[in-house]
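*Asks:* Shown below is the structure under consideration.
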Amino acid sequence: MPVVRIEPSGFEAQLAPGEPVLAGLARCGFTVRKVGCRRGGCGFCKIELLEGEVTYDHPVADSVLGDDERGEGACLTCRAVPVGDITLHLDQGDVSAAPTGLLKYLNTAATPAAATSSERE
Amino acid sequence: MGIMRMGYAHVRVTDMTEAKDHYANTLGLYETHTDVSPEGNRRVFYKGWDEWDHHSVVLEEGGVGVVKYGWKVERESDIEDIEKKAIDFGLSVERMSRGENPEIGDGIRFVTPSEHVFEVYHQATAIGTEVGTHNPEAFPRHLIGVGAPALDHSLITAEDVGGMQAMLAHVFDFYATERVQTSLDDDAHVIATWMTSTNQVHQMAVLEGANAKLHHFAFRLNDWNEVGRAADLMAMDDVPIDVGPTRHGITRGQTVYFFDPSGNRNEVFSGGYLAYPDRPVNVWTPEQLGKGVFYHARELNDRFTTVVT
């Protein structure tokens, strides 16, 4: 159950095994504003991976994410699946504050047991 | 009459298995051919149920974005006519031979000022619509998913929209139906243009942005209800919807924008008024651009204007 930590806000989200970063953050109630095609084609959701490792379970075009970028820690969040815990840099303006309203019921970071009940994403 | 329509859109996909599921099972296109390109990439060819030519969509495995567009002319002699106009405009034109594209005849090929590849042809193998021509039924009884009848138009991005508008007018005899420009002044900067050669409200639109990029290619539907039903099917099939269902101020068409499994943007489009060359051009200026693009929300988002493949 990888934990995604977002800097500098310090938000954390507990992802389901095999879950892509962007879908997992949305499922946990975070509104991420860097969302493009959601299918790895446009590069709009590319952000910096500060710590940890991600893999890609779909082919991603070199024009979207080149080998050099992968080596330099770029993370195409819509297709990236964490290998263990990771830390990402996401500007404060590009992510909502900690989930409020109904969204707070979605944040499973603090209650890992609840994550398995919402793996539909 | 020269160009009759956009005959085919040839695009790249990263994963052919997922792409085939999207175009065949969600959009309901008919697979007509499959092969391997000279470069060794898998290709799959499709047509909509109400199209008679061999294909209108080509998927090629490897990468994302648009490979090229095919434009079908009414007469064989139109090809030479367009070739002359293209050379006159300053483009380098090459001849293409029958079979370079499966089931497509001789023609010409050139790269536009926006760095998109255009092919012009007259002959395509006729397959026929799915309802035929003799006492035809209104639609095929067992359509799959959206059941899109036909390819409709495409929007590409270009660094110099004015230059592309001039090229489409000079070489293809296209005229603009709608335009976005910085002001109503004669020397205003052109931000986007919607162009056609027929009564179809647009066959190709050009938006300011990077060269050689695809914003979307669209399939035709009949009305609002079909657009809404298409969106329902996208929800069922976990297709990421970009925008809609909504209406465009520009063209008045009804729309859903969505992404294929490789991230290429698609649209289903219905309505729009009948275009005529003598109809005065609708002009939009930036302060109402949100309404022009999304008539209901009246707000542009950066994703819509900057996400391209």
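The values are calculated or read from the model by the stated rules, or taken from the named source; none is laboratory data. All figures in this text were calculated on a predicted structure; none of them were measured in a lab. All Cβ positions, even for glycine, are placed from backbone atoms using ideal geometry, and neighbour counts span all protein chains on display.
*Asks:* Can you run down the residue pairs with Cβ atoms below 6 Å, 6 or more apart or on separate chains, where the first is in region B:253-267 and at negative phi and within 9 Å of chain A (Cβ to nearest Cβ) and the partner is of a type in the set (Ser, Thr, Tyr) and outside any strand (DSSP E or B)?
*Replies:* What qualifies is B:SER262/B:THR14; B:ASN264/B:THR309.
*Asks:* Okay, next question. Scan region B:141-155 for residues that are more than 22 Å from B:GLY271 (Cβ to Cβ) and buried (at least 18 other Cβ atoms within 10 Å of the Cβ) and jot them down. Give the derivation first.
*Replies:* Our first condition is that a residue be more than 22 Å from B:GLY271 (Cβ to Cβ); within region B:141-155, this holds for B:141-142, B:144.
Scanning region B:141-155 gives no hits.
*Asks:* Among the listed residues B:GLU18, B:GLU83, identify the single one that is farther than 20 Å from B:TYR121 by Cα, acidic (Asp, Glu), modelled with pLDDT of 95 or more and part of a helix (DSSP H, G or I).
*Replies:* Values: B:GLU83 fails: farther than 20 Å from B:TYR121 by Cα.
From the options B:GLU18, B:GLU83, the qualifying one is B:GLU18.
*Asks:* Would you please list the contacts, defined by Cβ atoms under 9 Å and residues six or more apart or on different chains, that run from a residue in region B:295-309 that is facing chain A (nearest Cβ under 7 Å) and among the hydroxyl-bearing types (Ser, Thr, Tyr) to a residue that is surrounded by fewer than 17 Cβ atoms within 10 Å (Cβ to Cβ) and in a helix (DSSP H, G or I)?
*Replies:* Correct list of pairs: empty, since none qualify.
*Asks:* Specify which of the listed residues (A:GLY43, A:GLY18, A:GLY29, A:GLY84) is outside any loop (DSSP other than H, G, I, E, B) and small (Gly, Ala, Ser).
*Replies:* A:GLY84
*Asks:* Does region B:255-288 hold any residues that are crowded, with 17+ Cβ neighbours inside 10 Å and out of contact with any strand residue (DSSP E or B) (no Cβ under 6 Å at 6 or more places or on another chain), and which are they? Before the answer, list the steps.
*Replies:* Our first condition is that a residue be crowded, with 17+ Cβ neighbours inside 10 Å; within region B:255-288, this holds for B:255-272, B:275, B:282, B:284.
If the condition is that a residue be crowded, with 17+ Cβ neighbours inside 10 Å and out of contact with any strand residue (DSSP E or B) (no Cβ under 6 Å at 6 or more places or on another chain), then B:PRO261, B:GLY263, B:GLY272 are the ones that fit.
*Asks:* Of the residues A:GLY52, A:GLY36, which single one is at pLDDT 90 or above and within 14 Å of chain B (Cβ to nearest Cβ)?
*Replies:* Step by step, each of A:GLY52, A:GLY36 is checked, and only A:GLY36 is at pLDDT 90 or above and within 14 Å of chain B (Cβ to nearest Cβ).
*Asks:* Condition check: modelled with pLDDT of 95 or more, surrounded by fewer than 20 Cβ atoms within 10 Å (Cβ to Cβ) and within 22 Å of B:TRP71 (Cβ to Cβ). Does B:ASP173 satisfy that?
*Replies:* On the way: modelled with pLDDT of 95 or more: yes; surrounded by fewer than 20 Cβ atoms within 10 Å (Cβ to Cβ): yes; within 22 Å of B:TRP71 (Cβ to Cβ): yes.
Against the criterion (modelled with pLDDT of 95 or more, surrounded by fewer than 20 Cβ atoms within 10 Å (Cβ to Cβ) and within 22 Å of B:TRP71 (Cβ to Cβ)), B:ASP173 qualifies.
*Asks:* With the structure loaded, tell me whether A:LEU76 is out of contact with any Gly (no Cβ under 7 Å at 6 or more places or on another chain) and either buried (at least 24 other Cβ atoms within 10 Å of the Cβ) or in contact (Cβ under 8 Å) with a residue 24 or more places away in the chain (or both) or whether it fails that test. Walk me through how you get there before you give the answer.
*Replies:* On the way: out of contact with any Gly (no Cβ under 7 Å at 6 or more places or on another chain): no; either buried (at least 24 other Cβ atoms within 10 Å of the Cβ) or in contact (Cβ under 8 Å) with a residue 24 or more places away in the chain (or both): yes.
For A:LEU76, the condition - out of contact with any Gly (no Cβ under 7 Å at 6 or more places or on another chain) and either buried (at least 24 other Cβ atoms within 10 Å of the Cβ) or in contact (Cβ under 8 Å) with a residue 24 or more places away in the chain (or both) - is not met.
*Asks:* Please tell me if A:LEU15 is touching a residue at least 40 places away in the same chain (Cβ under 8 Å) and away from every other protein chain (no Cβ under 14 Å). Let's see the steps before the verdict.
*Replies:* Working: touching a residue at least 40 places away in the same chain (Cβ under 8 Å): yes; away from every other protein chain (no Cβ under 14 Å): yes.
Considered against the rule, which asks whether it is touching a residue at least 40 places away in the same chain (Cβ under 8 Å) and away from every other protein chain (no Cβ under 14 Å), A:LEU15 comes out as yes.
*Asks:* Within region B:35-61, can you find the residues that are in a loop (DSSP other than H, G, I, E, B) and within 14 Å of chain A (Cβ to nearest Cβ)?
*Replies:* B:ASN41
*Asks:* Consider region B:144-169. How many of its residues are in a loop (DSSP other than H, G, I, E, B) and more than 20 Å from B:THR309 (Cβ to Cβ)?
*Replies:* 6
*Asks:* Here are the criteria: (1) surrounded by 18 or more Cβ atoms within 10 Å (Cβ to Cβ); (2) at positive phi. Tell me which single one B:THR14 does not satisfy.
*Replies:* Every condition holds for B:THR14 apart from (2).
*Asks:* Let me ask something additional. Any residue in region B:120-139 that is surrounded by fewer than 21 Cβ atoms within 10 Å (Cβ to Cβ) and within 14 Å of chain A (Cβ to nearest Cβ)?
*Replies:* For region B:120-139, residues surrounded by fewer than 21 Cβ atoms within 10 Å (Cβ to Cβ) and within 14 Å of chain A (Cβ to nearest Cβ): absent.
*Asks:* Please work out which one of (1) within 19 Å of the chain's Cα centre (by Cα); (2) away from chain A (no Cβ under 14 Å) is the condition B:THR26 fails and give its number.
*Replies:* Exception for B:THR26: condition (2).
*Asks:* Tell me yes or no: at least one residue of region B:62-72 is part of a loop (DSSP other than H, G, I, E, B), within 14 Å of chain A (Cβ to nearest Cβ) and aliphatic (A, V, I, L, M).
*Replies:* yes
*Asks:* If you take the residues of region A:55-79 that are part of a strand (DSSP E or B) and within 14 Å of chain B (Cβ to nearest Cβ), which of them is farthest from A:LEU22 (Cα to Cα)? Quick ask: steps written out before the conclusion?
*Replies:* Step one: list which residues in region A:55-79 are part of a strand (DSSP E or B), which gives A:55-56, A:74-76.
Narrowing further to those that are within 14 Å of chain B (Cβ to nearest Cβ): A:56, A:76.
Working: A:TYR56: 13, A:LEU76: 9 Å.
Among those residues, the one meeting the criterion is A:TYR56.
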